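Each remark here refers to the structure printed beneath this line.
The values are calculated or read from the model by the stated rules, or taken from the named source; none is laboratory data. A quick note: this is a predicted structure, and the numbers were derived from the prediction, not measured. Here the Cβ is made from the backbone with ideal geometry for all residues, glycine too, and neighbour counts use every protein chain on show. With ligands, DNA and RNA removed, areas are computed over all heavy atoms of the protein, side chains included. Shrake-Rupley method; radii C 1.70, N 1.55, O 1.52, S 1.80 Å.
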Amino acid sequence: MKIVVDIDNTLVDYRKSIENSVKKRKFNLGVSDNFFELDVNTIKLKIKNNLGDSSWQYIQGDIYSDYGENIIFYKNSLKAIKKFIDRGHYIYLLSHKTKFGIKDSKEINILEIAQLRIFDWVIKNDLQKGIMGIIFCDTFSEKINFINTINPKILIDDLEEIHKTSLIDRKNDKSIKKFLFSGNDLNIENCNEYRLKGNLFEVKNWNTLLRLVI
C-alpha cells in the first residue's frame with residue numbers, strides 16, 4: 001500500500017523553534033502559558049491575530065532556517081513509520097518548500113536545510129528500505145500533482161486544503177483514507193481521539209494514526 005506523508009508540521013514539529021523565535025524577537029503574544037500545546041496552524045493564527053502577518057513571516061523564516069536542537073519530530077512518528085515499513089507499505093515523504101526563506105532568512109537556502117534534516121533522520125533511523133521517495137515541490141500545485149500521480153491509499157497532511165484538492169476524482173473511493181494531522185498533544189501521550197468527516201480522519205497524534213492505519 002502506498003502512503004504519502006507530509007514533512008513540515010506533520011513529521012517535523014516546529015513548536016519549540018517557534019517558541020525560541022518568539023522569545024528571541026521579544027514578541028509579546030498576550031496568550032496563556034499553554035499556548036505551545038496547541039497545533040502549529042492554531043499557533044500561526046494566534047500569532048497573526050496578535051502580532052500581524054509580518055511578524056509571522058519573521059518567525060517562519062526563523063524556523064525554516066533552524067537546523068538546531070529546537071527542530072524535533074513529532075512523538076511516535078518514527079515508531080509509526082517503522083511499523084508502516086514493517087507491514088510492507090511504500091512510504092513517500094513530501095514537502096512544499098521554496099529554495100530561500102523570507103525576511104531575515106531570504107539569503108538562506110531553507111530547501112537545503114530541510115533536505116539535510118529529513119535525509120539525516122531517515123538514514124539515522126535506517127528507514128531507507130521503506131522510503132520510496134523524499135520529494136520537495138516548488139509550488140502547491142506541484143505537490144497536488146505528485147499526490148495524484150502516486151495515487152496513495154493513505155494521505156497524511158496537516159493542511160485541509162491539500163486533502164480537499166488532491167485525489168478529488170477518487171473522492172468516492174472508500175479504500176482511500178485521508179488523515180488531517182493537527183499535532184496538538186504535546187503532553188498527552190496516549191490521546192486516541194479522532195473525528196471522521198467522510199473519508200477524512202482528523203487526528204491529533206501519531207499514536208492514533210498508527211492505530212487507524214495498521
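Which of the peptides 72-81, 18-27 is most tightly packed, and how do the rest follow, judged by the mean count of other Cβ atoms within 10 Å per residue?
Ranked by mean Cβ neighbours within 10 Å, highest first: 72-81, 18-27.
Quick check for you: which residues of region 117-159 have the amide N under 14 Å from the point 7 Å beyond the Cα of ASN109 toward its beta carbon?
Answer for region 117-159: 117.
Quick one: dipole size for region 82-135, taken about the Cα centre, charges +1 on Lys/Arg Cβ and -1 on Asp/Glu Cβ, in debye to the nearest 20.
So the magnitude is around 180 debye.
Just from its helices, what would the mean residue ellipticity at 222 nm be for the chain, if runs of 4 or more DSSP H residues each count -39500 (n - 2.57) and the sum is divided by every residue, rounded to the nearest 500 deg cm²/dmol?
It comes out at -11500 deg cm²/dmol, rounded to the nearest 500.
Determine ³J(HN,Hα), in whole Hz, for all residues of region 2-19 in sequence, where each value follows from phi through the Karplus function 6.51 cos²θ - 1.76 cosθ + 1.60 and θ = phi - 60°; x replaces Gly and Pro.
Working through the residues one at a time gives 8, 10, 9, 10, 5, 8, 6, 6, 10, 8, 8, 9, 9, 5, 5, 5, 4, 4 Hz.
Quick check: Cα centre of region 72-129 to Cα centre of region 1-28, how many Å?
12
Express the relative contact order of region 56-214 as a whole percentage, based on alpha carbon pairs under 8 Å and six or more residues apart in sequence.
Averaging sequence separation for qualifying contacts and normalising by length gives 22 percent for region 56-214.
Accessible area per residue, 1.4 Å probe, Å², for the chain: what's the number?
On a per-residue basis, 51 Å².
Report the local net charge at LYS171: Lys and Arg +1, Asp and Glu -1, summed over other residues whose C-beta lies under 15 Å from its C-beta.
In short, +3.
Can you pull the percent of the chain's accessible area that's carbon plus sulfur, 1.4 Å probe, other chains left in place?
Exposed carbon and sulfur together represent 48 percent of the surface.
Output wanted: per-residue J couplings in Hz (rounded whole) for region 72-87, from phi through Karplus 6.51 cos²θ - 1.76 cosθ + 1.60, θ = phi - 60°, x for Gly and Pro.
Per residue, the Karplus-derived 3J(HN,Hα) values read 10, 10, 4, 3, 6, 5, 5, 4, 5, 4, 4, 5, 4, 5, 4, 7 Hz.
On a 27 Å Cα-Cα criterion, which of the cross-link pairs LYS2/LYS171; LYS106/LYS171; LYS48/LYS106; LYS143/LYS178; LYS16/LYS79; LYS103/LYS164 come out too long?
LYS106/LYS171; LYS103/LYS164
Would you mind calculating the relative contact order of region 1-133 from Cα pairs under 8 angstrom and at least 6 residues apart, reporting the percent as a whole number?
33
Given the chain reduced to its alpha-carbon atoms as identical point scatterers, what log10 I(q)/I(0) does the Debye formula return at q = 0.09, 0.19 Å⁻¹?
For the chain at q = 0.09, 0.19 Å⁻¹, log10 I(q)/I(0) is -0.35, -1.56.
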